[in-house]
Amino acid sequence: MLIAGNWKMYKGPREAGAFCRALREADLGGVDVAVCPPYVSLADAVQALAGTDIGVYAQSCHWESEGPFTGEISAPMLRELGVYGTIVGHSERRQHFGETDETVARRVDAALEHGLYVIACVGETEAEREAGETEAVLGRQVSVLDEDDNLVVAYEPVWAIGTGKTATPAIAQDAHAFIKSLLDVPVLYGGSVKPENAGELCSQHDIDGALVGGASLDLESFAAICRAAFPYHS
Ligand code: PGA
């Protein structure tokens, strides 16, 4: 059971350091925990969490180790910083920054090759779900990924991200079971996870944790989500 906080473009270095120092002391119930700060805050997070089991993840990484790629960061650079893993292919990157299944696959492969753990995100839009295309979309997104001990998938229905609309546990369970029928890796659920719904979601057979956006920015709510998931920890 992994509970990962995707901070998106929130918390600069000072705030990240203070949050992580407080996180060290918080009651997280014993689940596996990760935080995913913006690039500029990674070093402070790594330092503040040194000696703990809490993993620090980036939010993306490039497929080349170095080169003329303005604005990008590579897997070896993240490793040098002491970063443990990275999110890849978040729907906000697909929507706003032109990320495609092909670039997601290249980033995932490079991150794994350089020893980073990877949370690869997949998920359908509302229009795709309404058109009955959910499984086709998930199938296409998952088809570019290969099984790996250091890979987990996050199922994040785009219509549930930051909207307050959570997939029902049954909808999420169905999507997770479908993804696992294609790829034998743990699957996290993401999309408006909160302390109030985390337990029921994580109780589903094929939900192996959560990727939490908004509710991970507040220490109390993030810790409460971790504790709510703990009974389903294996
Ligand atoms: P949310 O975001 O929890 O704010 O819906 C989840 C995510 O985008 O990873």
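Contact list please: Cβ distance under 8 Å, first residue in the range 84-99 and on the phi > 0 side of the Ramachandran plot, second residue aliphatic (A, V, I, L, M) and away from the ligand (no atom under 14 Å from the Cβ), pairs at least six apart or on different chains.
Listed by first residue and then by second, the contacts come to GLY89/VAL104; GLY89/VAL108.
Looking at (1) touching a residue at least 40 places away in the same chain (Cβ under 8 Å); (2) surrounded by fewer than 18 Cβ atoms within 10 Å (Cβ to Cβ); (3) more than 16 Å from the ligand (Cβ to nearest atom), find the lone condition where ARG107 falls short.
Against the list (1) touching a residue at least 40 places away in the same chain (Cβ under 8 Å); (2) surrounded by fewer than 18 Cβ atoms within 10 Å (Cβ to Cβ); (3) more than 16 Å from the ligand (Cβ to nearest atom), ARG107 comes up short only on (2).
Test GLU80 against the criterion of being free of Cβ contacts under 8 Å to residues at least 12 places away in the same chain and either polar (S, T, N, Q) or under 18 Å from LEU116 (Cα atoms) (or both), and give yes or no.
Working: free of Cβ contacts under 8 Å to residues at least 12 places away in the same chain: yes; either polar (S, T, N, Q) or under 18 Å from LEU116 (Cα atoms) (or both): yes.
For GLU80, the condition - free of Cβ contacts under 8 Å to residues at least 12 places away in the same chain and either polar (S, T, N, Q) or under 18 Å from LEU116 (Cα atoms) (or both) - is met.
Where residues in the range 87-102 are assigned to a helix (DSSP H, G or I) and over 17 Å from the mean Cα position of the chain (by Cα), which of them is farthest from the ligand (Cβ to nearest atom)?
The extreme case among them is GLU102.
A quick yes/no check of all residues on (1) surrounded by fewer than 20 Cβ atoms within 10 Å (Cβ to Cβ); (2) within 26 Å of PRO195 (Cβ to Cβ); (3) modelled with pLDDT under 95:
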| site | (1), (2), (3) |
| --- | --- |
| PRO13 | yes, no, no |
| PHE19 | no, yes, no |
| GLU25 | yes, yes, no |
| LEU28 | no, yes, no |
| VAL56 | no, yes, no |
| HIS62 | no, no, no |
| GLY67 | yes, no, no |
| GLY89 | no, no, no |
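Cβ-Cβ under 6 Å, sequence separation 6+ or interchain: first residue in the range 119-140 and in contact (Cβ under 8 Å) with a residue 60 or more places away in the chain, partner among the polar types (S, T, N, Q). Which pairs?
GLY123/SER91
Within the range 72-85, identify whether any single residue is part of a helix (DSSP H, G or I), open to solvent by less than 40 Å² (accessible area, probe 1.4 Å) and among the hydrophobic types (A, V, I, L, M, F, W, C), and answer yes or no.
The answer is yes, given that some residue of the range 72-85 is part of a helix (DSSP H, G or I), open to solvent by less than 40 Å² (accessible area, probe 1.4 Å) and among the hydrophobic types (A, V, I, L, M, F, W, C).
Among helices (runs of 4 or more DSSP H) lying entirely in the range 140-231, which contain 3 or more residues that are more than 16 Å from the ligand (Cβ to nearest atom)?
Values: elements: 169-182, 195-202, 219-229.
Result: 169-182.
Looking only at residues that are without any contact (Cβ under 8 Å) to a residue 60 or more places away in the chain and closer than 19 Å to VAL122 by Cα in the range 187-204, which one is most open to solvent (accessible area, probe 1.4 Å)?
Ranking the candidates gives GLN204 first.
The values are calculated or read from the model by the stated rules, or taken from the named source; none is laboratory data. Note that the structure is predicted; figures quoted are calculated from it, not measured. Glycine also receives a Cβ, built like all others from the backbone with ideal geometry; neighbour counts cover every protein chain displayed. SASA here: full protein model, heavy atoms, side chains in, ligands and nucleic acids out. Shrake-Rupley method; radii C 1.70, N 1.55, O 1.52, S 1.80 Å.
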